[in-house]
Each structure stands twice: as C-alpha cells, then as structure tokens.
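A.B. asks: Quick one: this structure, given as structure tokens, is what I'll be asking you about.
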Amino acid sequence: MRFCLLLAVAFAALGMSAPSLAQDPQLRFGTDVPRDVEQIYERGLEWLAANQTPEGNWNGGDEGPGITGMCIMAFLASGEDPNFGPYAENIRRAVRSIISTQDQNTGFYGGRMGHGSMYHHGFACLGMSEVYGVLDEDSLWDGAKTDDKERVTIGKSLEMAVRASVTSQKNNPWNAWRYSPDATDADTSVAGAVLMGLLAARNAGIKVPDESIDKALEYFRSMTTNRGEVGYSGIGGGGSANLKAIAALVYSIGKRKDLKEYKAVLGQITVNLEHEEYSYPEYFRYYTAQALFQGDFEAWQKWNQKTAKQLKEMQGDDGSFQSQHGPAYGTGMSLLAMALNYRFLPIYER
C-alpha cells in the first residue's frame, strides 16, 4: 500500500490526471501478476536474502556495487517495504555496502575497493536512486560498525555519484562512457548503464545537468543507423540485440520517442519476439523487458508470457539462476526481467 501511494504521488507530479490512471490500471500498476511470476520472484528473493553476506554484498561470482544495486532493485521491484518488510534489513545492508565502496573524493562507486568499472557505477547509481526517498534513513546505519564520517546519506551519496558520472563524461571525447572513469573511448553498453543511472537519479530528484543527458542521448543517435542497428563502439551499426534494447530504453526514458532512430530500433525489437540472445542472455532479458514495455505494451505482454515460462524452467531448486557472472547476477537480473509485472519502481513508469 505504501508503494502504491508513492506511485500515485509520482504520477501526480508528472501531471497525470486521475482519469488517465483509471483508464488502464493493468498497464499502470500491474494488477494481474501471473502466479508463475509470483513463485519465481518469491523463491528468487528468498535465495538472495539467504546468500547475502553480513557486509551486504553477494559473493560466488562477479561481485561489486553494481550487482548489489541490481539486487536492491530486485527486492524493491515487487513492492517489498525497505523499512518494515521481511527483507528490510537485507535492503539496508545492501545500501550500506554500496556506500562503503564509494570513493569519497571522486564519488565513484567501487573506488574504495581498488577496482570496479563504470558498469558497476551505473547500476549502483540506479539501485540507489530507486531506494532514495522510500528508505527511512534514520534506521539505515543502526547496528553498523562504521565511523560517523562514513555514514553518508543516500542523497549525498547520489549527488557524489552523479558528479563522478558527469566528470567522466566531460573528459570523454565521445561524451559517453566506457569501463574506466578516465576512459577516452566509449561503448553503448557501458554508456547505457551509466545513462540509466543518471536518468533514475534525476527522476528521484537529484540534480543532473540537462547537458549531460542530451549529449549522452546524442551519442546513442550517432551509434544508431536509420535501419535501427546499434553499434557497440565507434560508428553505429551491426550490434547485438542487447544494444538495440539498451538504445530503445534510453530513448524512451530520455523522452526521445519522436526520433526516427527510436522508431527504427523499436521496430527491430518487436519484429522478432522469439529471438534468443546467447551472449549475455540475462542482460538481454533485463533490457528487452523494459524496452518493450516502454514502446509496445502488447508486444511486451507476449514476450513476458514466453519469458516467464522460460525462467520458470531455468530456476534452480534453491531459487537461484546460474549465469556466467555468478548466481547473484543471474538471480537479480532474472527477477528484474519479470519486475514489470509489478511496476513498483519509479524507473518503470510508462
């Protein structure tokens, strides 16, 4: 109920009238969640909760603030309350973990760990943006064994993270991002992760320069052909289905649906809903779910039904999803591919 109220307030802030919400409650609020999806989600969250470390992150494969951010979103996406729900402490612990990795000078998530990438930074920023404003920060640091100077608020942490993203972009000739915050080249996969983090932060009320968003979206335009092909790095064209889904999503959330590039990319995605991506399949399902939902609700419904059956068969007996990056990544991303059945996260607003 708390999350539904928050969504209603968010819609009001966007200027949506009550009648527009009433026209299609299924579209807005996910009022008819399939039982298979509920079971997948319940079992997946149980696994995430049981396998979280005391420090708040997840081991057993790739780890870092980006994967922790994905897992935060997985908890929130089905309406779990970060203050009083059964997973409230898991969410708080994960938030503390992300903040603990942040370089307090640069704002880069993962900087204090001595490693990490802009991938991690972007997904961590996205997760922190979604929890900002719904988590009561009076309880965030309760019981944590940290110095007072390390007890940064979510808002302050996000402001520093945005600054890190913007600084990295300003120093990049492509006006985008790659693995290192100091990189002088760029690719659409990393750029999509960082740009979604910035868009979510702006949506949450954090100040993000319009110039940064505009230049990043222009980079995506330069990487998109008139036929809807999206390049990885360099000049656009010939990229994977993953990149098409990323591009369609950032055009949508960045309010660029009027672009011919967006319409071409969306057409490439909707023409073959049976497509399976064998390179980074979890990543593909995560972005495709959002791209279709934002662009073609009927196409998303068909794709969602097919994917729910697929994920039900893939889920392990313990509730996890295995992946080449480990079970935490596989589980978090697989749950988020189903998250639009619930539609509680502000970034999923349509």
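A.B. asks: I'd like to know which of L249, P86, I67 lies farthest towards the positive end of the charge dipole of the chain, counting +1 on Cβ of Lys and Arg and -1 on Cβ of Asp and Glu.
C.D. replies: Selected residue: L249.
A.B. asks: Taking loop as defined by DSSP and a crowding limit of 12 other beta carbons within 10 Å, which chymotrypsin sites (Phe, Trp or Tyr not before Pro) in the range 56-107 fit?
C.D. replies: On the way: sites: W58, F75, F84, Y87; in loops: F84, Y87.
Hits after loop and neighbour filter: F84.
A.B. asks: Right, another one. Which loop-located trypsin sites (Lys or Arg not before Pro) does the range 102-198 contain, where loop means any DSSP state but H, G, I, E or B and the Cβ has at most 15 other Cβ atoms within 10 Å? Each step should come with its number before you reach the end.
C.D. replies: Working: sites: R112, K145, K149, R151, K156, R163, K170, R178; in loops: K145, R151, R178.
Sparse-neighbourhood loop trypsin sites (Lys or Arg not before Pro): K145, R151.
A.B. asks: May I pose another question? Sorting check: for 32-43, 330-341, 183-194, which peptide has the highest mean count of neighbouring beta carbons within 10 Å, and how do the rest follow?
C.D. replies: Working: 32-43: 15.7, 330-341: 25.7, 183-194: 22.6.
With the highest mean Cβ count within 10 Å placed first, the list reads 330-341, 183-194, 32-43.
A.B. asks: Mind pulling up the Rg/Rh value for the range 174-310? Radius of gyration and Kirkwood radius, both on Cα.
C.D. replies: Rg/Rh for the range 174-310 comes to 0.96.
A.B. asks: Same structure, new question: Can you tell me, using C-alpha contacts under 8 Å and at least 6 residues apart, the relative contact order of the range 35-348 as a whole percent? Walk me through the numbers on the way to the answer.
C.D. replies: Working: 544 pairs, mean separation 67.6, N = 314.
Answer for the range 35-348 is 22 percent.
A.B. asks: Follow-up. Which listed residue (V152, A289, V166) has the Cα farthest towards the positive end of the charge dipole for the chain, taking +1 on Lys and Arg C-beta and -1 on Asp and Glu C-beta about the Cα centre?
C.D. replies: Of the listed residues, the answer is V166.
A.B. asks: Another question about this same structure. With only Lys, Arg, Asp and Glu charged, each at its Cβ (+1 for the first two, -1 for the last two), find how big the charge dipole of the range 200-350 is about the Cα centre; round to the nearest 20 debye.
C.D. replies: Computed about the Cα centre, the dipole is about 420 debye.
A.B. asks: With +1 assigned to the C-beta of every Lys and Arg and -1 to the C-beta of every Asp and Glu, and no other charges, what is the dipole magnitude of the chain about the Cα centre in debye, to the nearest 20?
C.D. replies: On the way: 33 positive and 42 negative charges, 174 e Å.
With Lys and Arg at +1 and Asp and Glu at -1, about 840 debye.
A.B. asks: Given C-alpha coordinates of the range 35-348, what is the ratio Rg to Rh with the Kirkwood estimate of Rh? Provide the component values of the computation, followed by the final result.
C.D. replies: On the way: Rg = 18.3 Å, Rh = 19.3 Å.
The Rg/Rh ratio comes out at 0.95.
A.B. asks: Here's a follow-up. Can you report the principal axis dimensions of the range 44-201 using only the alpha carbons, biggest first, rounded to whole angstrom?
C.D. replies: Result for the range 44-201: principal-axis Cα extents of 46, 34, 28 Å.
A.B. asks: DSSP loop (so not H, G, I, E, B), at most 11 other Cβ within 10 Å: list which chymotrypsin sites (Phe, Trp or Tyr not before Pro) in the range 226-335 pass both filters. Numbers along the way, then the final one.
C.D. replies: Numbers: sites: Y232, Y251, Y262, Y278, Y283, F284, Y286, Y287, F293, F297, W300, W303, F321, Y329; in loops: Y232, Y278, F321.
In loop regions of the range 226-335 (DSSP not H, G, I, E or B), the sparsely surrounded chymotrypsin sites (Phe, Trp or Tyr not before Pro) are Y278.
A.B. asks: Here's another thing I want to ask about it. Under the classification rounded if a/c is under 1.5, otherwise prolate if a/b is larger than b/c and oblate if not, where does the range 230-302 fall, given a ≥ b ≥ c as square roots of the Cα gyration tensor eigenvalues?
C.D. replies: Values: a/c = 1.61, a/b = 1.01, b/c = 1.59.
Since a/c reaches 1.5 but b/c is at least a/b, the shape of the range 230-302 is classed as oblate.
Read-outs: derived from the displayed coordinates by stated rules, not from any lab. Just so it is clear, the structure is predicted and the values come from calculations on it, not from any experiment. We place every Cβ from the backbone using ideal geometry, glycine too, and count neighbours over all the protein chains shown.
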